[in-house]
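The values are calculated or read from the model by the stated rules, or taken from the named source; none is laboratory data. All figures in this text were calculated on a predicted structure; none of them were measured in a lab. For neighbour counting, all protein chains shown are included, and Cβ atoms are generated from backbone atoms with ideal geometry for every residue, glycine included. All accessible areas refer to the heavy atoms of the entire protein, side chains included, with ligands and DNA or RNA removed. Shrake-Rupley method; radii C 1.70, N 1.55, O 1.52, S 1.80 Å.
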Amino acid sequence: MMKTTTIAVRFSIILVVLIGALACSEAPIEVEPFYAAELEAKRNERLARLTAEDGWLSLTGLYWLEPGENRFGSAEDGSVVLPDSSVPEIAGLLLVGPNSEVIAFGEEGAGVEINGEPLTEAVLKTDADGPPDVITAGRIQFYIIDREGRLGARVKDPEAPTRLAFEGISYFPTDPSFVVDATFEPYEEPREVAIPTVLGTDTTMRAFGVLHFSIGGRGLTLEPYAESAEDKTLFLIFRDQTSGDTSYGAGRFLSADAPGDDRTTVLDFNLAVNPPCAFTPYATCPLPPPQNILDVPIEAGEMYSGPAHSPNSVN
């Protein structure tokens, strides 16, 4: 009887130790209150932009324009469909000229506006030239995008189902170990880098060097992109071993401050975000080039478990 009791006591002690060890291993990571508040503020700003009436969630279509006439309105067989029954079936016309200029005409009495003014006839500025001209009909807005010479009308509706049904963003647990110092190694000369996109085509970005950093004792590199060497922000597109599992399969984006005089900057992967194509099939996202595919899991920033939007679903 004594032997049985002793064994039971020993088993209980071992069980308590194991449970305690397991609890310790799963203890939450301590995060400084100031950093947690700063991170929450940045995520709230990101969420506000995403869910705005003209944010990415409001997209309802991307219509590639053909040379010549492209009619826009509420007609379902139009070149550019505006999903608002108050808009005439034919509200106007987009004329694509031989030099890829787009001239917009508004139908008389259709109530079409450009940048808040009545539209009769105007040559449209695309997003390749900075902020594009915005055409409004009813509650719908659209503007012209230029993707390496391919012109499309991107349509936004504040009542888009994707916006109205949006349930928020999931995040990996905040982990300060994914806030890392990086050293910038400049190239001898800036490089024009071909970046793949979800459209199956390449776009061109400028690279001025590469960032060296470590995660979990592993030395890693990423190539950031910027318009010029004077830009104050670097843009990174990366994939890692969580991509397609707990994070978006096509990769994520991260912004970082340009390096200072000491050639260092900070990469905070807790601020890694899903690209627009994680939320809508009507985006034209860049994809990570081979040099920006990491062979480690980055369990920080935005997670993803939604549908994999395919470039084939783009109109």
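Just one residue in the set 247, 243 is out of contact with any helix residue (DSSP H, G or I) (no Cβ under 9 Å at 6 or more places or on another chain), surrounded by 17 or more Cβ atoms within 10 Å (Cβ to Cβ), without any contact (Cβ under 8 Å) to a residue 12 or more places away in the chain and not basic (Lys, Arg); that residue is 243. The listed residues are 281, 259, 288, and the only one of them that is assigned to a loop (DSSP other than H, G, I, E, B), touching a Phe, Trp or Tyr at 6+ places or on another chain (Cβ under 6 Å), open to solvent by 20 Å² or more (accessible area, probe 1.4 Å) and in contact (Cβ under 8 Å) with a residue 12 or more places away in the chain turns out to be 259. Would you call residue 138 open to solvent by less than 60 Å² (accessible area, probe 1.4 Å), within 31 Å of the chain's Cα centre (by Cα) and free of Cβ contacts under 8 Å to residues at least 24 places away in the same chain? For residue 138, the condition - open to solvent by less than 60 Å² (accessible area, probe 1.4 Å), within 31 Å of the chain's Cα centre (by Cα) and free of Cβ contacts under 8 Å to residues at least 24 places away in the same chain - is not met.
Here residue 230 qualifies as open to solvent by 70 Å² or more (accessible area, probe 1.4 Å) and either of a type in the set (D, E, K, R) or modelled with pLDDT under 95 (or both). Looking across the stretch 84-117, the residues that are free of Cβ contacts under 8 Å to residues at least 40 places away in the same chain, aliphatic (A, V, I, L, M) and farther than 26 Å from residue 163 by Cβ come down to 90, 93, 95, 103. Checked against (1) open to solvent by 50 Å² or more (accessible area, probe 1.4 Å); (2) in contact (Cβ under 8 Å) with a residue 24 or more places away in the chain, residue 81 passes all but a single condition, namely (1).
Among all residues of the stretch 166-176, there is none that is loosely packed, with under 12 Cβ neighbours inside 10 Å and over 30 Å from residue 48 (Cβ atoms).
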